[in-house]
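Reviewing the structure listed below.
The values are calculated or read from the model by the stated rules, or taken from the named source; none is laboratory data. Fair warning: this is a prediction, and the values are worked out from it, not measured in the lab. FYI the Cβ positions are ideal-geometry reconstructions off the backbone, even for glycines, and counts take in every protein chain you see.
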Amino acid sequence: MARTVYIIGNDGSGKSTYARRFERRAQAFGLRVIRRHYYDAIVRRLFRGLVESAAGVRQRKMAGSPAAPDRQRPAEPPGGTPRRHGSLIRRLGGGAFLWAYQTAMGVEMRLREWFSPRGVLLVDRGAVDDLISISRTLRLDVPDPLLRWTARLFPARQIIHLSAGAEVELSRIVDVDASPEHHRRKGELYDALISRLESMRAPVRRVNTAGHRADFIDTGAAPVPIGTAASPGAAIPPSKE
């Protein structure tokens, strides 16, 4: 059975780079690392159409616009009558979808952890990323019961939240599919959701990837150093705990 570590964060926060450094360092310490991408999960691939539709991915691709889909509200019908029924159905349907989808993903990730060889299961992205993308597009607040259920359902030795600030992150992104304002708002959602998870005592660790100091991840087997101060740009500062 493996120990699961999720690496989450906004686009350009350095998730892939952080994962590669962690893998190299962990292997140097004799730990076996199994790398997986959260979006490669069987459940997500089966429901990819629904997930991308809910997250606004398809609309952005078809329109070719960087505008945030959740900020594009439909026009009011003639007479100015609000679409209350449509909004209620959307909220009920979106909420039910989030609960069912998060549950199915959590079950799969637990099975992956149980049946993986002993070592570290390192997962790029996680449930928080999906919650933010889908709930933001559907204009739904993530209720505390769903967030608490997600924190309990998904196995995690640690959840690493990476952030480098909006300006630094935007400078790292090559293929930008959202406006700078959309990126900043999404970053604020990450901060808010992570703060709520911390209040629920979830195993969350904040890491600022804009620095150059050393960082260690406790994998349950041994603390793994991710970088050194002597290697500019190759290390990540420790979170304040």
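The table that follows gives values for the structure above.
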| read-out | value |
| --- | --- |
| Some residue of segment 43-57 being at pLDDT 90 or above and of a type in the set (A, V, I, L, M, F, W, C) | yes |
| Segment 5-18 residues that are surrounded by fewer than 24 Cβ atoms within 10 Å (Cβ to Cβ), paired with ones that are modelled with pLDDT under 90 (beta carbon under 6 Å, 6 or more apart) | Asp11/Ile173; Gly12/Glu169; Gly12/Arg172; Gly12/Ile173; Gly14/Thr209 |
| Any pair with Cβ under 6 angstrom, 6 or more apart, that starts in segment 128-157 at a residue that is closer than 23 Å to Ser116 by Cα and ends at one that is of a type in the set (Phe, Trp, Tyr) and buried (at least 20 other Cβ atoms within 10 Å of the Cβ) | Ala156/Tyr6 |
| When residues of segment 94-141 are limited to those that are in contact with a Leu (Cβ under 9 Å, 6 or more places away or on another chain) and assigned to a strand (DSSP E or B), the one surrounded by the fewest Cβ atoms within 10 Å (Cβ to Cβ) | Gly119 |
| Those strands (runs of 3 or more DSSP E) lying entirely in segment 154-241 with at least 2 residues modelled with pLDDT of 70 or more and surrounded by 14 or more Cβ atoms within 10 Å (Cβ to Cβ) | 158-163, 204-208 |
| Residues that are basic (Lys, Arg) and at pLDDT below 90, drawn from segment 99-147 | Arg118, Arg136, Arg139 |
